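Engineer: Dropping the structure in here first, questions after.
The values are calculated or read from the model by the stated rules, or taken from the named source; none is laboratory data. Here the structure is a predicted model, which means the values were calculated and not measured. Here the Cβ positions follow ideal geometry from the backbone for every residue, glycine too, while neighbour counts run over all protein chains shown.
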Amino acid sequence: MPGKKEIAALLESIADLMEYKGENQFKVNAFRNGADAIKKYGAAIGLAVKNKSLNEIKGIGNSLQAVIYEFCETGISSLYEELKKDVPEGINDLLKIRGLGPKKIQILFTELGISNIGELEYACKENRLALLKGFGEASQAKIIDAIEKFKTYSKYILLSTADIISEEILERVSRFKYLNKIVHTGQLRRGMEIISEIAFVALATDKKKFLAELKKEFEYTEQEDKIIIQNGYPVPVVLFIVASEEEYCRQLFLTTGSEEFIQGINAVENIKYSGNEHSIFESINFPYVIPEMREREYFEQTNVKLKENSDLSIDHFKGLLHFHTTYSDARNTLKEMIAEAQKEGFEYAAVCDHSKFAVYANGLNEERVLLQKKEIKEIASGYNVHIFHGVESDILPNGDLDYSKDFLANFDFIAASIHSRFNMEEAEMTKRLIKAVENPYTDMLAHPSGRLLLSREPYKFDVKKVIDACATNNVAIEINANPHRLDLDWRRIYYAREKGCMFSINPDAHSVEDISYIKYGIITARKGGVKYSEVINCFALDNFKKFLNRKVKRDLN
């Protein structure tokens, strides 16, 4: 069933189309306000739908209720489909361009006949928007920049999306009679955060018969030494078919890449491809490098210790940190999240709902914090998981956290993060982050750059100075495992490790299903060579408590 995020997105899309079509502003605002109400709703939305109790949510009137019930029960909205009917197809893409809203898009369509991104880009290059009332040169320049970002983003998909597509393809071909084995390769095998191509190496017992099997399952074209699958996937899907173990080994090594890594070891001519990848590295007298670390950045490290392979795996994780509940903006209750943590084998967990400044996320004021603390005490004995009371505290523009220092003492674990004023100047943003890191109650700097992959660029700050501050103040840096973030960027991990920083790898889960995101955080950490000894949620419970008490004494029993 759709969650809060999907329902809110639908209501916002309906509002956009209504506004574009010039419908009553009161109706438009009703859908926008409804989207906000759904985002802030403090309980499980699925339960409200099941019990037909959406009318209890302030701002969700009869019209919106009907739309939500239909969407949750059928997966579609007839209102949305009706609104889309006579809207030019390219308008939805225009709505994705940052800085353009429905009203401006309507002006562009009415005044300049612009109905898609290509026409918009041409109009900008012809300087037409600079002369159009309500736009001007500055607005035109921003739109040109936004178009370039959109074009770049549209060539990629998230690591998690590529992972899902890959698993679906592997599942379909696994039944093939003439397939010996198959594995993903390239960017996906290296765990890149965004993917422009999904590639596989397949060992076939009979290539001709394998291709006949493939034709029954997929449309494809042949291109030199590879097969291009043509099934409407968002990025190219490539299949390399080989006929021997030696060729399988060779193709897997070369296609894993990266190109810079292959060039860097300078050994393609002398490599022996018999055996496995370990024997390939042995044949050129080069230490084995795990696939995730095979990037240009590997060769930039002068500290030999930083080039050692990561030994991190999910088996090392004892603590589930930074997850949300229905107290703020998540789908599942505290009990449900802890039950899932227990099921997944975690020994301890730190709930980190949003703090009071995050009104948009139903952030907790002081009174609700104390209510949550009371519930934690009440349910603690029912689980084999030690529950820590944490919070994701907003970093205010001046660098303060959004509770007083006296009140911060109520929490066991504090993740500090930025959710507002992303456009500050670099020096100001750097100062803001460092002040938050220097707060004696800050345990972790969460999603440090604020980026949303393929959506929002990182805010400007001096990354090295902030990492230095984390090292000096013994504050862990988060590797946020949500596939939209994967932040800290793996390229920055090497520097943080060199400075002796500790890390925390967290799913930032807003549902029990999101806990599985931790796998993508592990992949990201492995790209930077992170050892499990450097990750605070791989600490045994007693050692994690020592970490929490390193600066301020807390009652953690």
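Engineer: For segment 451-464, what are the residues that are closer than 21 Å to VAL535 by Cα and either touching a strand residue (DSSP E or B) at 6+ places or on another chain (Cβ under 9 Å) or surrounded by fewer than 16 Cβ atoms within 10 Å (Cβ to Cβ) (or both)? Talk me through it step by step, then tell me what you get.
Structural biologist: First, pick out the residues of segment 451-464 that are closer than 21 Å to VAL535 by Cα: 463-464.
The answer is LYS464, and nothing else.
Engineer: Take the conditions under 31 Å from the mean Cα position of the chain (by Cα), outside the structural domain of LEU454 (by TED's automatic domain parsing) and aliphatic (A, V, I, L, M) and apply them to ILE144. Does it pass?
Structural biologist: Numbers: under 31 Å from the mean Cα position of the chain (by Cα): yes; outside the structural domain of LEU454 (by TED's automatic domain parsing): yes; aliphatic (A, V, I, L, M): yes.
Against the criterion (under 31 Å from the mean Cα position of the chain (by Cα), outside the structural domain of LEU454 (by TED's automatic domain parsing) and aliphatic (A, V, I, L, M)), ILE144 qualifies.
Engineer: Mind checking which pairs have a first residue in segment 495-511 that is in the same structural domain as HIS324 (by TED's automatic domain parsing) and a second that is in a helix (DSSP H, G or I) and aromatic (Phe, Trp, Tyr), Cβ under 9 Å, 6 or more apart or different chains?
Structural biologist: CYS501/TYR495; MET502/PHE547; ASN506/TYR517; PRO507/TYR517; PRO507/TYR520; ASP508/TYR517; ALA509/TYR517
Engineer: Mind checking which residues of segment 110-139 are part of a loop (DSSP other than H, G, I, E, B), aliphatic (A, V, I, L, M) and within 14 Å of LEU94 (Cβ to Cβ)? Let's see the steps before the verdict.
Structural biologist: Of the residues in segment 110-139, the ones part of a loop (DSSP other than H, G, I, E, B) are 113-116, 126-136.
Of the ones still in play, those that are also aliphatic (A, V, I, L, M) are 114, 129-132.
Within segment 110-139, ILE114, LEU129 meet the criteria.
Engineer: Do you know which of the residues in segment 197-215 that are more than 16 Å from HIS184 (Cβ to Cβ), of a type outside the set (A, V, I, L, M) and in contact with a strand residue (DSSP E or B) (Cβ under 9 Å, 6 or more places away or on another chain) is surrounded by the fewest Cβ atoms within 10 Å (Cβ to Cβ)?
Structural biologist: THR205
Engineer: I would also like to ask the following. Between residues in segment 244-267 that are outside the structural domain of SER196 (by TED's automatic domain parsing) and closer than 16 Å to PHE200 by Cα and residues that are aliphatic (A, V, I, L, M) and not in a helix (DSSP H, G or I), which pairs lie under 6 Å by C-beta distance while being six or more apart or on different chains?
Structural biologist: From residues that are outside the structural domain of SER196 (by TED's automatic domain parsing) and closer than 16 Å to PHE200 by Cα, there are no pairs.
Engineer: Pick from GLN263, GLN223, GLN251, GLN230: which is crowded, with 18+ Cβ neighbours inside 10 Å and polar (S, T, N, Q)? Can you show your working first?
Structural biologist: Details: GLN263 fails: crowded, with 18+ Cβ neighbours inside 10 Å; GLN223 fails: crowded, with 18+ Cβ neighbours inside 10 Å; GLN230 fails: crowded, with 18+ Cβ neighbours inside 10 Å.
It is GLN251.
Engineer: Further question: Are any of the residues in segment 384-403 modelled with pLDDT under 95 and either surrounded by fewer than 13 Cβ atoms within 10 Å (Cβ to Cβ) or in contact with a His (Cβ under 6 Å, 6 or more places away or on another chain) (or both)?
Structural biologist: no
Engineer: Could you tell me whether segment 479-492 includes any residue that is among the acidic types (Asp, Glu) and assigned to a loop (DSSP other than H, G, I, E, B)?
Structural biologist: Filtering segment 479-492 for residues among the acidic types (Asp, Glu) gives 487, 489.
Applying the additional criterion that residues be assigned to a loop (DSSP other than H, G, I, E, B) yields 489.
For segment 479-492, residues among the acidic types (Asp, Glu) and assigned to a loop (DSSP other than H, G, I, E, B): present.
Engineer: Another question, then. Which numbered condition in (1) small (Gly, Ala, Ser); (2) out of contact with any Pro (no Cβ under 7 Å at 6 or more places or on another chain); (3) touching a residue at least 40 places away in the same chain (Cβ under 8 Å) is the only one that GLY118 fails?
Structural biologist: (3)
Engineer: Examine segment 180-191 for a residue that is at pLDDT 95 or above and touching a Phe, Trp or Tyr at 6+ places or on another chain (Cβ under 6 Å), and state whether such a residue exists.
Structural biologist: Yes - at least one qualifying residue is present in segment 180-191.
Engineer: Now a separate question. If ALA330 satisfies every condition in (1) of a type in the set (A, V, I, L, M); (2) at pLDDT 95 or above; (3) crowded, with 24+ Cβ neighbours inside 10 Å but one, which is the exception?
Structural biologist: (2)
Engineer: Return the only residue of ILE164, ILE117 being at pLDDT 90 or above, out of contact with any strand residue (DSSP E or B) (no Cβ under 7 Å at 6 or more places or on another chain) and among the β-branched types (Val, Ile, Thr).
Structural biologist: Answer to the check: ILE164.
Engineer: On to the next question. Out of everything in segment 47-78 that is acidic (Asp, Glu) and within 30 Å of the chain's Cα centre (by Cα), what residue ends up being surrounded by the most Cβ atoms within 10 Å (Cβ to Cβ)?
Structural biologist: If we filter segment 47-78 for residues that are acidic (Asp, Glu), which is where we start, we get 56, 70, 73.
Then drop every residue that is not within 30 Å of the chain's Cα centre (by Cα), which leaves 70, 73.
On the way: GLU70: 15, GLU73: 10.
My answer is GLU70.
Engineer: Could you please let me know if VAL552 is of a type outside the set (Phe, Trp, Tyr), surrounded by fewer than 22 Cβ atoms within 10 Å (Cβ to Cβ), in contact (Cβ under 8 Å) with a residue 60 or more places away in the chain and in contact with a helix residue (DSSP H, G or I) (Cβ under 7 Å, 6 or more places away or on another chain)? Outline the logic, then answer.
Structural biologist: Numbers: of a type outside the set (Phe, Trp, Tyr): yes; surrounded by fewer than 22 Cβ atoms within 10 Å (Cβ to Cβ): yes; in contact (Cβ under 8 Å) with a residue 60 or more places away in the chain: yes; in contact with a helix residue (DSSP H, G or I) (Cβ under 7 Å, 6 or more places away or on another chain): no.
Judged against the criteria, VAL552 is not a match.
Engineer: Right, here's the next one. Could you check LYS52 against (1) of a type in the set (Lys, Arg); (2) out of contact with any helix residue (DSSP H, G or I) (no Cβ under 7 Å at 6 or more places or on another chain); (3) part of a helix (DSSP H, G or I) and say which number it fails?
Structural biologist: (3)
Engineer: Can you name every residue in segment 54-76 that is within 13 Å of LYS27 (Cα to Cα) and in contact (Cβ under 8 Å) with a residue 40 or more places away in the chain? Break it down into steps so the answer makes sense when it comes.
Structural biologist: Here is the first cut: in segment 54-76, the residues within 13 Å of LYS27 (Cα to Cα) are 59-64.
Selection gives LEU64 alone.
Engineer: Now for a different question. Between a residue in segment 302-323 that is under 30 Å from HIS389 (Cα atoms) and of a type in the set (D, E, K, R) and any residue that is modelled with pLDDT of 95 or more and not in a helix (DSSP H, G or I), which pairs come within a Cβ distance under 6 Å, given they are 6 or more apart or on different chains?
Structural biologist: So the pair list comes out as ASP311/LYS531; LYS318/GLU347.
Engineer: Give PHE218, PHE286 a once-over and let me know the one that is touching a strand residue (DSSP E or B) at 6+ places or on another chain (Cβ under 6 Å) and at pLDDT below 95.
Structural biologist: Details: PHE286 fails: touching a strand residue (DSSP E or B) at 6+ places or on another chain (Cβ under 6 Å).
None of the other options fit; the residue is PHE218.
Engineer: Can you tell which of VAL201, VAL235 is outside any helix (DSSP H, G or I), touching a Lys or Arg at 6+ places or on another chain (Cβ under 8 Å) and not charged (D, E, K, R)? Lay out the reasoning, then the answer.
Structural biologist: Working: VAL201 fails: touching a Lys or Arg at 6+ places or on another chain (Cβ under 8 Å).
After applying the criteria, what remains is VAL235.
Engineer: Of all residues in segment 143-198, how many are part of a strand (DSSP E or B) and either touching a Lys or Arg at 6+ places or on another chain (Cβ under 8 Å) or among the charged types (D, E, K, R) (or both)?
Structural biologist: Taking segment 143-198 and keeping what is part of a strand (DSSP E or B), we get 157-158, 179-185, 194-195, 198.
Still in the list and also either touching a Lys or Arg at 6+ places or on another chain (Cβ under 8 Å) or among the charged types (D, E, K, R) (or both): 181, 183.
Matching residues across segment 143-198 total 2.
Engineer: Go over the candidates ASN92, ASN33 one by one and state the one that is modelled with pLDDT under 90, within 29 Å of THR152 (Cα to Cα) and in a helix (DSSP H, G or I).
Structural biologist: Values: ASN33 fails: within 29 Å of THR152 (Cα to Cα).
Residue meeting the stated conditions: ASN92.
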